[in-house]
Structures are given as structure tokens and as C-alpha cells.
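Worksheet: one structure, shown below.
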Amino acid sequence: MSVKTNFLKEMSWKTFKERKESTDLVIIPSGAFEVYGPHLPLGSDTLVSVKIAELVAERVNAIISPTLEVGDSAMLDIFPGTITIKPESFKAYLIDIVISLKKWGFKDFLFINTHLGNVPIIGSVAHDLQRNADIRCAQIDYWRFIKSLDKGIIETGDLAHAHASEAGTSVLLHLYPHLVDMEKAINEPPKYSSQFSDFIQYTNYDEHTTSGTIGNAIVGTEEKGKALVERSVDRIVQFLQQNWEIREKASIGR
């Protein structure tokens, strides 16, 4: 007995062909492989993007593409275990995936991305795609996206959304509790300050943090993470339904 899945990698070619007849929507998750505090896994970004993609796909008729697990994390590579690829390598790999997906008839491309360094690269690819009038693209810059959804949830202000801080820790506690070690969670204020904060400067991450955390991870909770995830998934589904007119799975008839 086959188990229904939304992940392309888990489908046979015949299953994919059948599913593709009912949808033009593909979700492309991307993240990074880098330090995320002493209490969270190196693959936190990618783990979150995949799970959010899965939760969204369960609500709408979407297929989840191969994941881009590694991004440009060069500024963090002083921390053990961090893996980085060049932006041009990321872009070339993404373009090849997109071209393959486009070949099989996908017209709606939703990028769920959890790594800031990937944002402009994905944006460039999306603009190129949309030169074809039949293609629609949107990107979720997830950790920045949930800032607008945190009212009544977070406690520590803007730093709640800093690296591996309150928001990120909470989301991981909800989605992957078995991978979080709260005994190692810390509260580390940012080390770096400059009287020229209006300038974009190119610093290494160890100038900002000793641990890979910026902010107070100790106050992260599963309950906060659940609320943030639910609000974010609801908002993404709202966009797909109202802006792209993509229907709930239960009423597929497209």
C-alpha cells in the first residue's frame, strides 16, 4: 500500500505524472548548513524550510521539489561544521532545478527560504522566470517573514528574531524538539556595534557572536513556536488562495 506524499523525491514517475495533472504549484525549500547556536542543529534553516513546505503542501495541492540544503555561509565558516557554497554555484544549481520543473509544466513557483544569503539569488532567478507571462513566483524569507506575525508571542523585541534567538529556538522546539538541547541555550547580546550603522559593512560572524546565538534563546518555548508556525502557514495559504486563487486540497478541481 503506497503512502500519499507531497515530496517529489518520494513519488514514482507514474505517481508524479498523475499528481501533476491536478496542479501547477511547486514549492522549493532552501536553507543553509551553518552554526545556529550551541543548542540547535547545523541544518536548522533547511529543516525548518522543508517542514514549512510540508505543512503548506498539506493544505493546498502542491508538490515539493528537491531541497537546496546549503547556501552561502562564508561569513560563518569560522564555526565548526559550517558548510558553504559560492553564490554562483547556488544560482546555477537552482536554475537547473527550476528548468527541470518548468519542463514538466509547473507554472507557480513558491520559494520557502530560511537563509538571508539566498534571498537575492532566488530573487534574480524568479525575475528571469517571470519574463514568461505564464509563470508566477513568490519567495518567503521565513525568518524575516514571521516578524510581522509575532504580536503577543515574543518577549524580547527585535532581538527575538536575531540568529538562533527566541523566535528561531521556539520554532525548532515546536518542529524538531528532539534536536534541541535547551540546557545549552544561552542569552548572548550582540558583540558588534558601530557608529556607522547606516553603512553596509562586511564582517565575519564571530565579530557579532561567540556562540552563534544573538539574543536570548533561553526564553524560547514550544508554545511560542507552535503559534509562530501556525500563523505563518495560515498566512502563506491565505496568499495562495486569495492572490493566486489556489484551492484547498479538499476541493481540488483545477
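Tilt of helix 119-129 relative to the longest C-alpha principal axis of the chain, in degrees (0 to 90, nearest 10)?
20
Which pairs, out of K51/K226; K20/K102; K147/K191, put more than 19 Å between their alpha-carbon atoms?
Distance filter (> 19 Å) returns K147/K191.
List the residues of segment 135-154 whose backbone N lies under 13 Å from a point placed 7 Å from the Cα of E230 along the Cα-to-Cβ direction.
Zone members listed by number: 153.
Helix-only mean residue ellipticity at 222 nm, the chain, DSSP H runs n ≥ 4 weighted -39,500 (n - 2.57), per residue, nearest 500. What is it?
Theoretical 222 nm ellipticity from helices: -10500 deg cm²/dmol.
Which of the GluC sites (Glu not before Pro) found in segment 1-94 are loop residues per DSSP with 10 or fewer other Cβ atoms within 10 Å of their Cβ?
E21
Tell me, in nm to one decimal, what length is gained between A138 and A92 on full extension, where the rule is 0.36 nm per residue of separation less the Cα-Cα distance?
14.7 nm
Step through the residues of segment 111-117 one at a time and calculate ³J(HN,Hα) from phi using the Karplus curve (6.51 cos²θ - 1.76 cosθ + 1.60, θ = phi - 60°), rounding each to whole Hz and writing x for Gly and Pro.
9, 9, 10, 10, 10, 4, x
Determine, for H161, H178, the number of other Cβ atoms within 10 Å of each Cβ, and report the residues in order from fewest to most.
So the ranking, lowest neighbour count to highest, is H178, H161.
Tell me, D181, D198 in order of fewest to most beta-carbon neighbours within 10 Å?
The most exposed by this proxy come first: D198, D181.
Sequence neighbours fewer than 8 away in the same chain don't count; with that in mind, list the aspartates and glutamates whose C-alpha is under 18 Å from K107.
E18, E21, D24, D96, D128, D134, E245, E248
Once you've got the GNM for the chain with C-alpha springs shorter than 10 Å, pick whichever of N113, N243, N187 has the biggest mean-square fluctuation.
Of N113, N243, N187, the most mobile in the Gaussian network model is N243.
So what's the gap between the Cα centers of segment 160-238 and segment 49-123, to the nearest angstrom?
After rounding, the separation between the Cα centres reads 20 Å.
On a 0 to 90 degree scale, rounded to 10, what angle separates helix 222-242 from the longest Cα axis of the chain?
40
Cα axis of helix 44-59 to longest principal axis of the chain: angle in degrees, 0 to 90, nearest 10?
40
Given a 10 angstrom Cα cut-off, can you work out which residue in T209, T67, T15 is the most mobile in a GNM of the chain?
T15
Rounded to the nearest 5, what % of the DSSP beta bridges within the chain are antiparallel ones?
The antiparallel fraction comes to roughly 20 percent.
Would you order D158, D24 from fewest to most other beta-carbon atoms within 10 Å of each residue's own beta-carbon?
Listed from fewest to most nearby Cβ atoms, that is D158, D24.
Running a GNM on the chain with Cα contacts under 10 Å, which residue among W143, W244, W13 ends up with the highest mean-square fluctuation?
Of the options given, W13 has the highest mean-square fluctuation.
Hey, if you put +1 on the Cβ of every Lys and Arg and -1 on every Asp and Glu Cβ in segment 8-251, which of H178, A167, S49 ends up farthest toward the positive end of that dipole?
S49
Taken together, the values in this text are just the output of simple stated rules run on the coordinates, not laboratory data. Quick caveat: nothing in here was measured; it's all calculated off a predicted structure. In this analysis, Cβ positions are derived from the backbone assuming ideal geometry, glycine residues included, and neighbour counts consider all displayed protein chains.
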